[in-house]
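**Q** This is the structure I want to talk about, given as structure tokens.
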Amino acid sequence: MGRFKNKLAVSNPATPSRVEELELLVGSAASYSWFLRQRLETLGIPVTGKMQFRTIDGRILERDVAPVFVRTDGHVGGDTIVMAESGDAEVLGAHTLESLGLAADPVQKKLIPTVGMAFMGQVKYCSTGIVSAEFGTSPKVD
């Protein structure tokens, strides 16, 4: 896959005026984006939890995660990102790309708009919960 970098603005959801511009390797094989902890702490972005991640060599890493707003080329999204530690790579991952409605084009080496997937089905509810669900059907529109 062709590797390329893309500029991205990251901000604190609590104070969106606090922004840092980044240039990150686009790594859609990574499920989440990884931004250096120091960058996020400078923006006042708080840790909201921990997650585990498997490395390519099979090791399991545990890292803090945090909520951010991200923006690139007029596309804006909210996301949960990984707080990378010293020695971890910074990368723009698939989760962030999806929140922005973008996909990586490895041939043109740029991000391109994409169409999201919609749940198409009908779910019937009663007072105790879901009674039935039909997947792959379109709801009738009157």
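None of the figures in this text is laboratory data; all of them are computed from the coordinates on show. Here the structure is a predicted model, which means the values were calculated and not measured. Heads up, the Cβs are rebuilt from the backbone with ideal geometry, glycines too, and the neighbour counts pull from every protein chain shown.
**Q** Estimate the FRET efficiency between Thr80 and Gln122 by the formula 1/(1 + (r/R0)^6), using the beta-carbon distance for r and 30 Å for R0, to the nearest 0.05. Don't skip to the answer; put the middle values down first.
**A** Numbers: r = 30 Å, r/R0 = 1.01.
Plugging the Cβ-Cβ distance into 1/(1 + (r/R0)^6) gives 0.50.
**Q** Something else about it: I need the P(r) histogram for the stretch 36-113: all alpha carbon pairs, bin width 10 Å from 0 out to the longest distance, whole percents.
**A** Bins of 10 Å from zero give 16, 45, 33, 6 percent of pairs.
**Q** Then there's this: Below 8 Å between Cα atoms, with a sequence gap of 6+, how large is the relative contact order for the stretch 5-113 in percent?
**A** That works out to 30 percent.
**Q** Provide the per-residue ³J(HN,Hα) series for the stretch 79-95, in order, calculated from phi with Karplus coefficients 6.51, -1.76, 1.60 and θ = phi - 60°, each as a whole number of Hz, with x at glycine and proline positions.
**A** Karplus-based 3J(HN,Hα) across the stretch 79-95 equals 7, 9, 10, 8, 7, 6, 8, 4, x, 7, 7, 8, 8, 8, x, 4, 4 Hz.
**Q** Let me ask you something else. Taking the alpha carbon gyration tensor of the chain, what are the square roots of 5 times its eigenvalues, largest first, to the nearest whole Å? Don't jump to the answer; show the numbers that get you there.
**A** On the way: eigenvalues 195, 78, 61 Å².
Whole-Å semi-axes of the equivalent ellipsoid: 31, 20, 17.
**Q** While we're looking at this one, here's another question. Between Thr114 and Thr55, what FRET efficiency follows from the Cβ-Cβ distance if R0 is 25 Å, with the result rounded to 0.05?
**A** Values: r = 27 Å, r/R0 = 1.09.
Efficiency at R0 = 25 Å is approximately 0.35.
**Q** Let me ask another. Report the calculated FRET efficiency for Glu62 and Glu98 (r = Cβ-Cβ distance, R0 = 35 Å), to the nearest 0.05.
**A** 0.90
**Q** Give, rounded to the nearest 20 debye, the magnitude of the charge dipole that the chain has about its Cα centre when Lys and Arg contribute +1 at Cβ and Asp and Glu contribute -1 at Cβ. Intermediate results must be reported in sequence, preceding the final value.
**A** Working: 15 positive and 16 negative charges, 23 e Å.
Charge dipole, the chain, about its Cα centre: 100 debye, nearest 20.
**Q** Hey, another quick one. Extension gain Glu41-Lys7, at 0.36 nm per residue separation less the Cα-Cα distance, in nm?
**A** On the way: separation 34, 0.36 × 34 = 12.24 nm, distance 1.97 nm.
Between Glu41 and Lys7, full extension yields an extra 10.3 nm.
**Q** Once Lys and Arg get +1 and Asp and Glu get -1 on their Cβ, which of Leu24, Ala14, Met51 lies farthest toward the positive end of the dipole of the stretch 1-72?
**A** Leu24
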